[in-house]
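> The structure follows.
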Amino acid sequence: MIIVLLGPPGAGKGTQADRLSTKLGIPKIATGDVLRAAVRDGTKRGREAKAYMDRGDLVPDSVILGILQDVMTSPAAKKGAILDGAVRTVPQAEGLGTMLKEIGKKVDKVLLFDVDDEELVKRLSGRTVCEGCQTPYMGREPGSICEKCGHKLVRRKDDEPEAIRNRLEVYRRQTAPVVDWYRNHKMSVSRIDADAPVDTVTSRALKALGREKREEGRGKREVRK
Ligand code: AP5
C-alpha cells in the first residue's frame, strides 16, 4: 500500500508516519529526513539542498524525484511506503505517478492533516528533534537526551520564526494545489482534523485507511493489522 501524507509544516505528518509505519508494517519515507541526512553527510545532494531548507523553501523537484526514484525502486519499499512530506508540488505528484506506473504500482491513499496556523506556529517554535533518530519532542530544551536512542535534541534551523512564516506561505502556494491534483485524478483523499491529541489523530488516520474496526458487542475499537 502506498500512502501519501500531506499537510502544512507542523501538522504532525512525521509523528503520524512513525505510528502508521509501526501499525501497518510498512516503511516510512520522509524526504525531509533523507535531505537532512544528506546535509549532515555533506553529499552533493545535501550541498544542493541546504540553503533551500534553511530558508524554508522547497528543494528543486529534480532532487526530490531523484530521491523518490531511489527509494520506491528499492527492496525496502516492496510492500509499500508511507510517504511523509515527499510530494509537495504538482510536478512531484505527476513524476511520482509516472514512476509508480512504470513499476506496476500507484498511490492508494492520500491523507491530508489539517491544523490551523496558530497551532502550527506553536508546535514548530516549541519543537526540538533528536539529531540521531529524528524523533520530534515538544517542550524539551535543546541539549536534552532522546529517550529512544540517546542522542542530543536540537532545534531545527527552519524552526526559526522567519523560516516558519516562509514555510507556511510556501505550503499555501506550492503544496496546497497538490490536494486538488489528487482529487482531480480520482485518488482517494481523506482530510483528517489533526488538531487533537496524537492518539486521536492516529485513530482518525487508521479509520480513514479502513484499518480500524469496532469490536462486536463490546463497543471498543481495535486496530486490524
Ligand atoms: P520536513 O522535515 O518534511 O518538514 P515539514 O514538512 O515542514 O514538516 P515538519 O517536519 O516541520 O512537520 P510535521 O508535519 O512532520 O510535524 P511533526 O510530526 O514533526 O521538510 C523540511 C524541508 O525539507 C522542507 O522545508 C524543504 O526544504 C525540504 N523538503 C522535504 N521534502 C520536500 C519535497 N517533497 N519537496 C521539496 N522540498 C522538500 O510535529 C511537529 C511538532 O508538533 C512536534 O514537536 C510534535 O511532537 C508535535 N505534534 C505532533 N502531533 C501533535 C499533536 N497531535 N498535538 C500536539 N503536538 C503535536
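> Return yes or no: is residue 129 near the ligand (Cβ under 10 Å from one of its atoms), more than 26 Å from residue 192 (Cα to Cα) and in contact (Cβ under 8 Å) with a residue 12 or more places away in the chain? Don't jump to the end; show me each part of the working.
Numbers: near the ligand (Cβ under 10 Å from one of its atoms): yes; more than 26 Å from residue 192 (Cα to Cα): no; in contact (Cβ under 8 Å) with a residue 12 or more places away in the chain: yes.
No.
> Can I ask one more? Go over the candidates 86, 77 one by one and state the one that is modelled with pLDDT under 95 and either under 20 Å from residue 171 (Cα atoms) or crowded, with 19+ Cβ neighbours inside 10 Å (or both). Even if it seems obvious, please write down each step before you answer.
Numbers: 86 fails: modelled with pLDDT under 95.
Criteria check complete, one pass: 77.
> Note down all Cβ pairs under 6 Å where the first residue falls in the stretch 100-120 and is free of Cβ contacts under 8 Å to residues at least 12 places away in the same chain, the second is surrounded by 19 or more Cβ atoms within 10 Å (Cβ to Cβ), and they're at least six residues apart or on different chains.
none
> Based on what the data block shows, is residue 135 among the hydroxyl-bearing types (Ser, Thr, Tyr) and touching a Cys at 6+ places or on another chain (Cβ under 9 Å)?
Values: among the hydroxyl-bearing types (Ser, Thr, Tyr): yes; touching a Cys at 6+ places or on another chain (Cβ under 9 Å): yes.
Answer is yes for this residue.
> Among the residues of the stretch 178-198, write down those that are open to solvent by 70 Å² or more (accessible area, probe 1.4 Å) and either within 14 Å of the ligand (Cβ to nearest atom) or in contact with a His (Cβ under 7 Å, 6 or more places away or on another chain) (or both).
Matches in the stretch 178-198: 195, 197.
> Determine which single condition residue 143 fails, assuming it passes every other condition in (1) more than 13 Å from the ligand (Cβ to nearest atom); (2) within 20 Å of residue 82 (Cβ to Cβ).
Unmet condition: (2).
> I would also like to ask the following. Of all residues in the stretch 78-97, count the ones that are over 23 Å from residue 192 (Cβ atoms) and within 16 Å of the ligand (Cβ to nearest atom).
3
> Looking at the stretch 147-177 only, could you name the residues that are more than 10 Å from the ligand (Cβ to nearest atom), of a type in the set (A, V, I, L, M) and either touching a strand residue (DSSP E or B) at 6+ places or on another chain (Cβ under 6 Å) or within 19 Å of residue 118 (Cα to Cα) (or both)?
153, 176
> Among the helices (runs of 4 or more DSSP H) confined wholly to the stretch 11-125, which include 1 or more residues that are touching a helix residue (DSSP H, G or I) at 6+ places or on another chain (Cβ under 8 Å) and more than 21 Å from residue 179 (Cβ to Cβ)?
Details: elements: 13-24, 31-41, 44-55, 61-72, 90-102, 117-125.
Result: 13-24, 31-41, 44-55, 61-72, 117-125.
> Additional query: Can you confirm whether the stretch 60-73 contains a residue that is polar (S, T, N, Q), within 13 Å of the ligand (Cβ to nearest atom) and open to solvent by less than 60 Å² (accessible area, probe 1.4 Å)?
No: the stretch 60-73 contains no residue that is polar (S, T, N, Q), within 13 Å of the ligand (Cβ to nearest atom) and open to solvent by less than 60 Å² (accessible area, probe 1.4 Å).
The values are calculated or read from the model by the stated rules, or taken from the named source; none is laboratory data. Bear in mind the structure is a predicted one, so any value in this text is a computation, not a measurement. For neighbour counting, all protein chains shown are included, and Cβ atoms are generated from backbone atoms with ideal geometry for every residue, glycine included. For the accessible areas, the whole protein counts, side chains as well, though only heavy atoms, and no ligand, DNA or RNA atoms are used. Shrake-Rupley method; radii C 1.70, N 1.55, O 1.52, S 1.80 Å.
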